[in-house]
1. Starting from the range 6-31, keep only residues that are closer than 16 Å to Gly69 by Cβ, then list their pairs with residues that are surrounded by 14 or more Cβ atoms within 10 Å (Cβ to Cβ) and among the small types (Gly, Ala, Ser) whose Cβ atoms are within a distance under 6 Å, requiring at least 6 positions of separation or different chains.
2. Kindly indicate whether any position in the range 73-80 is aromatic (Phe, Trp, Tyr) and over 9 Å from the mean Cα position of the chain (by Cα).
Amino acid sequence: MTPAPIPIHWPNGRLTLEEPGCDWLVAARNAGIGIPTGCLGGSCGACEIEVNQQVVRACIATVPASRQGELRVELASDPYW
Ligand code: FES
C-alpha cells in the first residue's frame, strides 16, 4: 500500500502534495523553491530548512509521514550564508 501524500506548505505560499520518503530537494523543486546546497553530504548545513519548527538538513532527509497531517516548511535564515 502506498502511503498517503502529505500536504506541504512552502514559504512562497504554494501547497504541494508529496509522498513520504520523497527527497526534500526534489519536493522543494516541485514547489518552485531552490534550496541552497553545499556538500550534499549532511555536513555543511547550507541546505537547512525548518519543517514544523524542526531543523532538517534537506540533502540527507526525506519527507516524513506527518502526524499533524501536513508539514510547514520555512527556509532557515542564517545571516552568515
Ligand atoms: S548541502 Fe551540506 S549539509 Fe546539505
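Each value in this text was obtained by applying a stated rule to the coordinates, not by laboratory testing. The structure displayed is predicted, hence computed values, not measured ones. Glycine gets a Cβ as well: all are built from the backbone with ideal geometry, and neighbour counts include every protein chain shown.
1. Listed by first residue and then by second, the contacts come to Ile6/Ser66; Thr16/Ala31; Glu18/Ala27.
2. Among the residues of the range 73-80, at least one is aromatic (Phe, Trp, Tyr) and over 9 Å from the mean Cα position of the chain (by Cα), which makes the answer yes.
Residues checked against (1) at positive phi; (2) among the β-branched types (Val, Ile, Thr):
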{"site": "Arg14", "(1), (2)": "no, no"}
{"site": "Glu19", "(1), (2)": "no, no"}
{"site": "Leu25", "(1), (2)": "no, no"}
{"site": "Asn30", "(1), (2)": "no, no"}
{"site": "Gly45", "(1), (2)": "yes, no"}
{"site": "Val55", "(1), (2)": "no, yes"}
{"site": "Ala58", "(1), (2)": "no, no"}
{"site": "Pro64", "(1), (2)": "no, no"}
{"site": "Glu70", "(1), (2)": "no, no"}
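Residue-by-condition table, conditions (1) acidic (Asp, Glu); (2) part of a loop (DSSP other than H, G, I, E, B); (3) touching a strand residue (DSSP E or B) at 6+ places or on another chain (Cβ under 8 Å); (4) closer than 11 Å to Ile6 by Cβ:
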| position | (1), (2), (3), (4) |
| --- | --- |
| Pro20 | no, yes, yes, yes |
| Gly45 | no, yes, yes, no |
| Val56 | no, no, yes, no |
| Ile60 | no, yes, no, no |
| Gly69 | no, yes, yes, yes |
